[in-house]
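Q: Quick one: this structure, given as structure tokens, is what I'll be asking you about.
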Amino acid sequence: MLEAVPVLLVVATLAFFLARFAPGGPFDEDRALPPAVKAQINAHYGLDKPLAEQYVRFLKNLSCGELGPSYKYHGWNVDELIADRIPTSLALGAGALVFALLVGIPLGAVASVKPNSWLDRIPTGIATLGICLPTFVVGPLLILIFSSYLGWFNASGWNSPSDFVLPAVTLGLAYAAPVARLMRGAMLEVRTQDYMKTAKAKGLSPARIYFVHGLRNALLPVVTYIGPTAAGLISGSFVVESMFNVPGLGQFFVKAAFNRDFTMIVGTVLFYAAVLVALNLIAEIVLVKLNPRLKYE
């Protein structure tokens, strides 16, 4: 947690200067403004100050938990806009993560039961297909099948619980495949361990040996992968949110980049960095719970 403070400070600093160094400003694409009016707007937001002075002011606001006003959403602070969209992005990311785990872990476990057999090749082929197909291909295919042909779900929107399904599946499929491959490799390695042979010598059933004794240790690399993956699910939903018209934080980030909304760019980048740090911390704690030996290391 202490390491997170300088990490987030570096991320915020890089985002601040990279946004400022990009060509254009937040008011360049508005209608042609008289120079005097544009000067007043820049003075109101402090954009007429030297860059070093703007950075110091940004750090002062950040220390108070404020990200400053948005340059495109007049009358709103960035932290208020982000707080309004966080629940949607978190819900979409959490749903996609649950789907990825519910699909990836059983697929990997089944594939490792009989290596190089049809029981292995079919799940491995599905996982490879999931890795190769990006979300901007999977999403339209799901819309075509389940919305246009079958009519089970709406093609876009965020108005009912059923609208949650297609975006979560589209986003989760991209991560279910790596989870399945990790799980398969871990289970194949666990099968050769001495404690598995001891459990078999005690006369335990194959299902208990495989799915109780082996599964817990095979989950360790999957849990290690989940930390950055969960953050990627939340922060990597730009395409999916735009495709399904989900009112999440991803759309704000994309629009902020196009509009040169400096404060919104920094705010969203900082939020995603904080989510990554928090989820990695949770993954570390879960790893210790699954493997008590890490407690002494």
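The values are calculated or read from the model by the stated rules, or taken from the named source; none is laboratory data. Quick caveat, the model's predicted, so the values are computed rather than measured. Positions of Cβ are generated from backbone atoms using ideal geometry, with glycine treated the same way; all protein chains shown enter the neighbour counts.
Q: From the list Leu90, Leu119, Leu67, Leu59, which one is of a type in the set (A, V, I, L, M) and not in a helix (DSSP H, G or I)? I'd like the intermediate steps shown before the answer.
A: Working: Leu90 fails: not in a helix (DSSP H, G or I); Leu119 fails: not in a helix (DSSP H, G or I); Leu59 fails: not in a helix (DSSP H, G or I).
Every option except Leu67 fails the conditions.
Q: Only one of Leu144, Leu92, Leu101 is under 17 Å from Phe244 (Cα atoms) and either modelled with pLDDT under 85 or among the β-branched types (Val, Ile, Thr) (or both); which? Reasoning before the result, please.
A: Values: Leu144 fails: either modelled with pLDDT under 85 or among the β-branched types (Val, Ile, Thr) (or both); Leu101 fails: under 17 Å from Phe244 (Cα atoms).
So the residue among Leu144, Leu92, Leu101 that is under 17 Å from Phe244 (Cα atoms) and either modelled with pLDDT under 85 or among the β-branched types (Val, Ile, Thr) (or both) is Leu92.
Q: Which one is farthest from Pro178 (Cα to Cα), of the residues in the range 89-142 that are aliphatic (A, V, I, L, M) and loosely packed, with under 14 Cβ neighbours inside 10 Å?
A: Of the residues in the range 89-142, the ones aliphatic (A, V, I, L, M) are 90-92, 94, 96-98, 100-103, 105, 107, 109-111, 113, 119, 122, 126-127, 129, 131, 133, 137-138, 141-142.
Pick out the ones that are also loosely packed, with under 14 Cβ neighbours inside 10 Å and you get 98, 102, 122, 129, 137, 141.
Details: Val98: 14, Leu102: 13, Ile122: 15, Leu129: 11, Val137: 18, Leu141: 21 Å.
Filtering first and then ranking leaves Leu141.
Q: May I pose another question? Kindly provide the set of residues from the range 98-117 that are among the aliphatic types (A, V, I, L, M) and farther than 14 Å from Leu188 by Cα, ordered by number. Steps first, please.
A: The initial filter retains those residues of the range 98-117 that are among the aliphatic types (A, V, I, L, M), namely 98, 100-103, 105, 107, 109-111, 113.
Within the range 98-117, Val98, Ala100, Leu101, Leu102, Val103 qualify.
Q: Additional query: Just for the range 156-199: of the residues that are without any contact (Cβ under 8 Å) to a residue 24 or more places away in the chain and within 24 Å of the chain's Cα centre (by Cα), which one is nearest to Ala111 (Cα to Cα)?
A: Val165
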